[in-house]
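Novice: Following this message is one structure expressed as structure tokens.
The values are calculated or read from the model by the stated rules, or taken from the named source; none is laboratory data. Everything numeric here is computed off the predicted structure, so don't read it as measured data. Don't worry about glycine lacking a Cβ; one is built from the backbone with ideal geometry, like all the others, and counts go over all protein chains shown. Protein only, heavy atoms only, side chains kept; ligands, DNA and RNA dropped before computing areas. Shrake-Rupley method; radii C 1.70, N 1.55, O 1.52, S 1.80 Å.
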Amino acid sequence: MSEKDKSFEELMGELETLVSKLEGEDLKLDDAIKHNERALKLIHLCRDRLDSARQKIDKLVRTADGGFEKQSME
Amino acid sequence: MAQSPELTNTLSVSQITGHIQHTLEKGFASVWVKGEISNLTRHSSGHWYFSLKDSGAQLGSVMFKRQNVSVRFEPTHGMEITAHGRISVYPPQGRYQLVVDQMLPAGQGDLHLAFENLKKKLHAEGLFDPSLKQQLPAYPEKIGIVTSPTGAAIRDIINILSRRFPLTELVVIPVKVQGEGAANEIASAIDSFNELNECQVLLVGRGGGSLEDLWAFNEEIVARAIANSKIPIVSAVGHETDTTISDFVADQRAPTPSAAAELVVPDSTELIRWFSQVEQALQTNMLGKIEKYAQRLDSVSRSYALKRPELMIEQSHQKLDQLEDSSIRSSQDIISKLTARLDNLSVSIEALNPLNILEKGYAVISGVDGELIRSIKQVTNGTEITMRLRDGEVSSVSSKVKKRKIK
């Protein structure tokens, strides 16, 4: 799964896990460096998403065949 | 005919009144009573005294100031009301009365009773059970909203969500929130969101209004739709003081629609601040870790075991250096000594060159035979001599010979 397909929640979840791992004591230096790099990348990704976010608002309506259709409310 | 009195079973007035008091006050500790107000007196103390009556009976009632300040309508003589309270017995006068703590106009009173009954029923079914509450997602991607498309609530919700966390997509199912059919629309919107299964959390609610306005959220069909929802639901109906059945069934209750919006998403400003803090903390943390490893490396490298061969190598190096130094020094010595000697020699050699003397104005005198004349003894008057100067020779004849006294 590429980073783009991951939800904000998944990215944040991974970040929070890494941060708590890094805050723990017993980490090999290699792992610590790897985790640290990844955490910084995740922060970057999350920040980018927040910065570029523009709220999408849809109205959900029932169609004749019983399905759903979204109509933009903006 | 009554039987003759038995002393052991005879009660005093106080005793029987005590029993009556106990029975009535225990049996009617919390009751709803519907009736018409009559003989209402608002005493200067602030307490209200009145009777509740219907065609067949009347009940003396009191509502003390502490409770009646929160009554939101003006009770008048002849008004139908529903009152809640307890029966209290006053032994000195042998009277009982209803001590009212809550009073509603009759129509509202009916709603209130319906509310209490449904609440009791659903509670008994376990629909309010804390263990059924689903957790709200921390960062919802999509939020479903069930409310009126025209009310203040939807505007407040959208405003707050886009200010706090614009990353979230909003999907609205517009519904009637009051009046005929509202409850059905709300319930089916909740079902639709579950069918669609795209949103991670639902906001269900409306802005403030009267008890009747909010009633749809007290209906069983809405309560059951909320309870059946696989998607966590935040209920947000009316103002802080309004409580609906929806609030009890929902996974979380928000006092207002605005508060619900604040509750379902994080504040991205705070998140961004958190990112900066984490970045800094990570950096400090990494530096600390690297420092710790560096110290370990340092102390290991200083250990004796590693130090010995290193020391030996160092000593060899030193020796080599010394040798190199001294060899350089000694050859330099030799050269400089040789140079000095050479210099001395050249000075002496220079000094020994007779031609150098001529340069200074001296002359070399020789006789006709070429023999050098070193003493006056070799010369008499008239002896031919040759004087050799720097740049040539002069021939002459000696005219006077005089001896110099030597000390």
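Novice: Please go through region A:17-68 and give me each residue that is facing chain B (nearest Cβ under 7 Å), open to solvent by 60 Å² or more (accessible area, probe 1.4 Å) and of a type in the set (S, T, N, Q), ordered by number.
Specialist: The answer is none; no residue qualifies.
Novice: If you don't mind, another one. Using beta carbons and a limit of 7 Å, which pairs, at least six apart or on different chains, have the first residue in region B:34-52 and under 15 Å from B:His84 (Cα atoms) and the second one open to solvent by less than 50 Å² (accessible area, probe 1.4 Å) and part of a loop (DSSP other than H, G, I, E, B)?
Specialist: Every condition considered, the pairs that remain are B:Glu36/B:Gly78; B:Ile37/B:Pro75; B:Ile37/B:Gly78.
Novice: Here is a follow-up. For region B:7-56, what are the residues that are among the hydrophobic types (A, V, I, L, M, F, W, C) and assigned to a loop (DSSP other than H, G, I, E, B)?
Specialist: Listed by number, the residues that qualify are B:Leu11, B:Phe28, B:Ala29.
Novice: Another question, if that's okay. Filtering region B:137-149 down to residues that are small (Gly, Ala, Ser) and in a loop (DSSP other than H, G, I, E, B), which residue is least open to solvent (accessible area, probe 1.4 Å)?
Specialist: B:Ser148
Novice: Residues being open to solvent by 30 Å² or more (accessible area, probe 1.4 Å), under 20 Å from B:Ile186 (Cα atoms) and not basic (Lys, Arg): count how many of those fall in region B:106-126.
Specialist: Count: 2.
Novice: Let me ask something additional. Would you kindly identify the helices (runs of 4 or more DSSP H) lying entirely within region B:150-263 that contain at least 1 residues that are basic (Lys, Arg)?
Specialist: B:152-164, B:220-228
Novice: Among the candidates A:Lys70, A:Lys59, A:Lys34, A:Lys4, which residue alone is charged (D, E, K, R), in a helix (DSSP H, G or I) and over 11 Å from the mean Cα position of the chain (by Cα)?
Specialist: Just one listed residue meets the conditions, A:Lys34.
Novice: Another one. When region B:168-195 is examined, which residues are found to be facing another protein chain (nearest Cβ under 8 Å) and in contact with an Asp or Glu (Cβ under 8 Å, 6 or more places away or on another chain)?
Specialist: Hits for region B:168-195 are B:Thr168, B:Glu169, B:Leu170, B:Val171, B:Val172.
Novice: For B:Thr147, are the conditions met, namely being assigned by TED's automatic domain parsing to the domain that holds B:Asp213, of a type outside the set (D, E, K, R) and closer than 19 Å to B:Trp215 by Cα?
Specialist: It is true that B:Thr147 is assigned by TED's automatic domain parsing to the domain that holds B:Asp213, of a type outside the set (D, E, K, R) and closer than 19 Å to B:Trp215 by Cα.
Novice: What residue, among those in region B:127-136 that are under 30 Å from B:Thr269 (Cα atoms) and more than 12 Å from chain A (Cβ to nearest Cβ), is most open to solvent (accessible area, probe 1.4 Å)?
Specialist: Residue satisfying both the conditions and the ranking: B:Gln135.
Novice: Follow-up question, since we're still on this one. Can you name every residue in region B:74-105 that is touching a Pro at 6+ places or on another chain (Cβ under 8 Å) and open to solvent by 40 Å² or more (accessible area, probe 1.4 Å)?
Specialist: B:Met79, B:Glu80
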